[in-house]
Amino acid sequence: SCKTKTRNEILIVPTDSTTLYFPLFDSAKAVKIYGSLREDTSIKIWDSEELFDFREPVLYSYKGNIEIYRLTWIRSTDYPVCFRLQKEKDSIFLFIKTNDGYAYERGKLILNEKKNIARKEWDKFKSLLKEIKFWNLKEYEPASWTDASSFMLEGVSFSKYHWVSRPDPDLLYRNPNF
């Protein structure tokens, strides 16, 4: 018998900039974290537009066999960058993207590279995720934002999705339970 892949088993790159890349919280969680459902929606629309500018796939609904981690770094004083590490069977790739967006302006893709990654490097990355207890980190925590920079780390592994957003990546190491 031939198995047909469902839409969730395929990495989808949206053609519409209004596509959300992150799941919305239920209203009680949104109010607790952001103060309102509207703020939750607003933040996720903004972050989704950034990923749309990179022409990245939506990960939170993906249910296939590829293990994927993505770090999106929105820099306040330079172009934003996106790194996606992807493992399918024995093939491991790093996708590196930069767009020319700046501050509050949408950007166009100016760098789009794909590199083979050694299994040793993949294992090192996975051990870092384990060290910071990535799968148990809270998605978002209010913190002192010193500028408009933000870091979003997402992962999808065996149909399980998780993401975290922080103003500073060091917050993950200084206090893994943050």
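The values are calculated or read from the model by the stated rules, or taken from the named source; none is laboratory data. Since the structure is predicted, the reported quantities are computational estimates derived from the model, not experimental observations. As a convention, Cβ positions derive from the backbone with ideal geometry for all residues, glycine included, and neighbour counts pool all protein chains shown. With ligands, DNA and RNA removed, areas are computed over all heavy atoms of the protein, side chains included. Shrake-Rupley method; radii C 1.70, N 1.55, O 1.52, S 1.80 Å.
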Assess whether residue 38 counts as being among the charged types (D, E, K, R), in contact with a Ser or Thr (Cβ under 9 Å, 6 or more places away or on another chain) and modelled with pLDDT under 90. no
Run down 145, 122 and say which single residue is over 21 Å from residue 162 (Cα atoms) and either modelled with pLDDT of 80 or more or out of contact with any strand residue (DSSP E or B) (no Cβ under 6 Å at 6 or more places or on another chain) (or both). 145
With respect to residue 1, determine if the residue is under 25 Å from residue 158 (Cβ atoms), modelled with pLDDT under 90 and part of a loop (DSSP other than H, G, I, E, B). yes
Has segment 21-30 got any residue that is closer than 15 Å to residue 86 by Cβ, out of contact with any Gly (no Cβ under 8 Å at 6 or more places or on another chain), open to solvent by less than 20 Å² (accessible area, probe 1.4 Å) and in contact (Cβ under 8 Å) with a residue 40 or more places away in the chain? no
Any residue that is closer than 16 Å to residue 152 by Cα and free of Cβ contacts under 8 Å to residues at least 40 places away in the same chain - is there at least one of those in segment 31-40? yes
Picked from segment 51-84 (must be within 13 Å of the chain's Cα centre (by Cα) and polar (S, T, N, Q)), the residue surrounded by the most Cβ atoms within 10 Å (Cβ to Cβ) is 72
Considering only segment 66-109, state which residues are touching an Asp or Glu at 6+ places or on another chain (Cβ under 6 Å), more than 19 Å from residue 47 (Cα to Cα) and not in a loop (DSSP other than H, G, I, E, B). 87
What number of residues within segment 110-124 satisfy the criterion of being surrounded by 15 or more Cβ atoms within 10 Å (Cβ to Cβ) and part of a helix (DSSP H, G or I)? 1
